[in-house]
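Everything below concerns the one structure shown next.
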Amino acid sequence: MIITTTGFIEGRPVQEYLGIINAQSIIGANIFKDILGGLRDVFGGRSKTYEKVIEQAKSDALRELAEKAQGVGANAIIGVDLDFETIGGNASMLMVIASGTAVRI
Amino acid sequence: MKTWFGHFTSEAHAESVEATVLIYDKIIAIGYRDADASNQTLHWDIKDVEANFDVPSQSTQIRKRNEPAKRLHIEGRAALQYLQELQAEQNKPWHKKDKTKDKVKYLLGFLGVIGFFVGLYFLLVPWLAEKMAATVSVSTEEKMGNAVFDAMRLSSEEDRPASAIINEFFQAMKVPTEYNIHITVVKSDVVNAFALPGGNIVVYSGLLQQIKTYPELAALLSHEFTHVNNRHSTRSIFRQLGSRIFLSLIFGRFSSVTSVMIDQADRFKSLTYSRALEKEADLDGLAILRERDIDPEGFAELFQHLKGAAPASSSPEFLNSHPDIDKRVAYIRQASRNSKVSNNETLQAIFEKLNDK
C-alpha cells in the first residue's frame, strides 16, 4: 500500500476512486506525563514526553486509516492530510485526525 | 507501521491476487479483492507466522503455521527483516522489551521528581516562609494589625472601663516585649479572644464574664500575648502564601476538581501548623505565669470555660485549628508540675476592680 500526501502517484494512475476515509486518534497523556510536561513548561526546552505522545497518536491515526483503506478495497491512499488538535476542558487531550482519498492504482 | 504490496495465494484462488500488506505491533493485515470482487481483510498474529526468503522469486514468503495453504509473497528482503525484528522483540522477557524499559524509566523518573517536590513542599518552603516572616518589622506588623482592628472596630461596641482595667492588669504583669500591647474588651456573648499582629488583642465580654480568678485572666492574656510576641499570625500568613504559590506553580494547569483536592490537602497541613502554634501559645504562656509564681491551674480552668461554651464537637482533632481541649489540659498540667505559687496582691486587686464595675 502506498500512503501519500500528494494528490497523485507518479507512474501509477488511479484506476478507481473508493471514497474519502478518515481516522482519528485521541490520546490523553497520563497524569505522570502531564506533571513532567508541566515542569518542562516551567523550566523550558523540548518535552520528549509529549513528543512521544503525539508520535504515538499520529502512528495510530495513520494505521487506522490504512486499515480502513484495506476495508474498502483500496491499495493506496492519496491526498492524506494530518490535523493536530487539543481537546478537552483544559486542552489536555491530543487528537490527530488523518484523512485521505482511498484509491486503487 | 510499514506497508507493502504483495501477492496472496490461498486454496480459494486459482492464482495469486494482488494484496496490500500492513505490518505493525503484533499484526500482519492483508487486504485483497476476491474473485467475486468483494474486499477481504485478514489479520495474522506475528507469533503465529513463519517467514523466509524465497531465493527463486527473490521475495519474502510469509505463511501461517497452522494454515500452510495461505501464503503471502512480498518482493525483496525488507519485509522479512522487519518481521524478524518484531518477532525478536516479542520474544524478549518482559523487562527487556522496548516499551517496558521506557515505562520503568518513566516511573522511576516520576517518583524521583515527586520525592524531590514533596521534600521541597514539606521542608524548604516552610523554612523559607519562616525566614521571610522574620524579616517583617514590628512596625509593619503593627500597621497590618491596626488596619484589621480598625475595620473590626466599626462593627462592634467596646467596653471601655473593662478595657482600661485589663490593660492595667497586663501592665502589672510586667511582661518584657518590643510590642505595644493594647487590649480591647468587646461587648458580646461570644466566649472567645484573639490576637492581631502588632499588639492588638481583643477579648469578648462573654469570655470575661466566665473568668472567676486572676490566674485565669493571666493565663488568657499570656496566651494571646504569645501569639503576638512570637509573631504567629505573620508566620502563618507567610507559610500559607508560600505553600499556595508553590502548589499553583506545580499544579496550575489542572482542572477545578484537582485544584479543590489540592486545596483541601494544603488546608490540612496548615491546620497542623495552626495546632502547633496554639500549643506554643499555651506553653510559652504557661512559662510567663510560672516566672511570676501565678497559679498555672488558671490555664486549665480557662480551657474548661472554652469547652463549656463550645458545642460538643463531633469533628475529629485533625480537622480543628486548635488542639483538643482535653489534650490541652493534659499537657498544661504536665508542664506545670512543681510550680511555685504565691498570691500576687497587685494583680488580685486589679482583677477585683472588674467585679466591682
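The values are calculated or read from the model by the stated rules, or taken from the named source; none is laboratory data. Treat the numbers as computed from the prediction; the structure is a model and nothing was measured. We place every Cβ from the backbone using ideal geometry, glycine too, and count neighbours over all the protein chains shown.
Numbers for the structure displayed
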{"quantity": "Filter pass, residue A:60 being farther than 30 Å from residue B:19 by Cα and either of a type in the set (Lys, Arg) or within 11 Å of chain B (Cβ to nearest Cβ) (or both)", "calculated": "no"}
{"quantity": "Among residues of region B:1-28, those that are within 15 Å of residue B:80 (Cα to Cα) and in a strand (DSSP E or B), counted", "calculated": "12"}
{"quantity": "Qualifying residue in region B:253-267 (condition: touching a residue at least 24 places away in the same chain (Cβ under 8 Å) and either more than 25 Å from residue B:325 (Cα to Cα) or among the hydroxyl-bearing types (Ser, Thr, Tyr) (or both))", "calculated": "no"}
{"quantity": "All positions within region A:47-57 that are facing chain B (nearest Cβ under 9 Å) and either under 8 Å from the mean Cα position of the chain (by Cα) or among the charged types (D, E, K, R) (or both)", "calculated": "A:52"}
{"quantity": "Subset of region B:196-209 [of a type in the set (A, V, I, L, M), modelled with pLDDT of 90 or more and in contact with a helix residue (DSSP H, G or I) (Cβ under 6 Å, 6 or more places away or on another chain)]", "calculated": "B:201"}
{"quantity": "Condition check for residue B:321: in contact with a Ser or Thr (Cβ under 8 Å, 6 or more places away or on another chain), buried (at least 17 other Cβ atoms within 10 Å of the Cβ) and either small (Gly, Ala, Ser) or modelled with pLDDT of 80 or more (or both)", "calculated": "no"}
{"quantity": "Some residue of region B:35-51 being in a loop (DSSP other than H, G, I, E, B), small (Gly, Ala, Ser) and either within 12 Å of another protein chain (Cβ to nearest Cβ) or touching a Leu at 6+ places or on another chain (Cβ under 9 Å) (or both)", "calculated": "yes"}
{"quantity": "Number of positions in region B:318-357 that are without any contact (Cβ under 8 Å) to a residue 40 or more places away in the chain and either assigned to a helix (DSSP H, G or I) or not charged (D, E, K, R) (or both)", "calculated": "14"}
{"quantity": "Hits in region B:39-75 (condition: in contact with a Gly (Cβ under 8 Å, 6 or more places away or on another chain) and either exposed (fewer than 14 other Cβ atoms within 10 Å of the Cβ) or among the β-branched types (Val, Ile, Thr) (or both))", "calculated": "B:41, B:58, B:60, B:74"}
{"quantity": "Leading residue by the ranking (nearest to the other protein chains (Cβ to nearest Cβ)) among those in region A:77-99 that are of a type in the set (Gly, Ala, Ser) and without any contact (Cβ under 8 Å) to a residue 60 or more places away in the chain", "calculated": "A:89"}
{"quantity": "Boolean, residue B:79 is part of a helix (DSSP H, G or I), out of contact with any Cys (no Cβ under 8 Å at 6 or more places or on another chain) and at pLDDT 90 or above", "calculated": "yes"}
{"quantity": "Unique residue being within 11 Å of chain B (Cβ to nearest Cβ), in contact (Cβ under 8 Å) with a residue 40 or more places away in the chain and in contact with a Lys or Arg (Cβ under 7 Å, 6 or more places away or on another chain) when the list is A:74, A:23, A:69, A:102", "calculated": "A:74"}
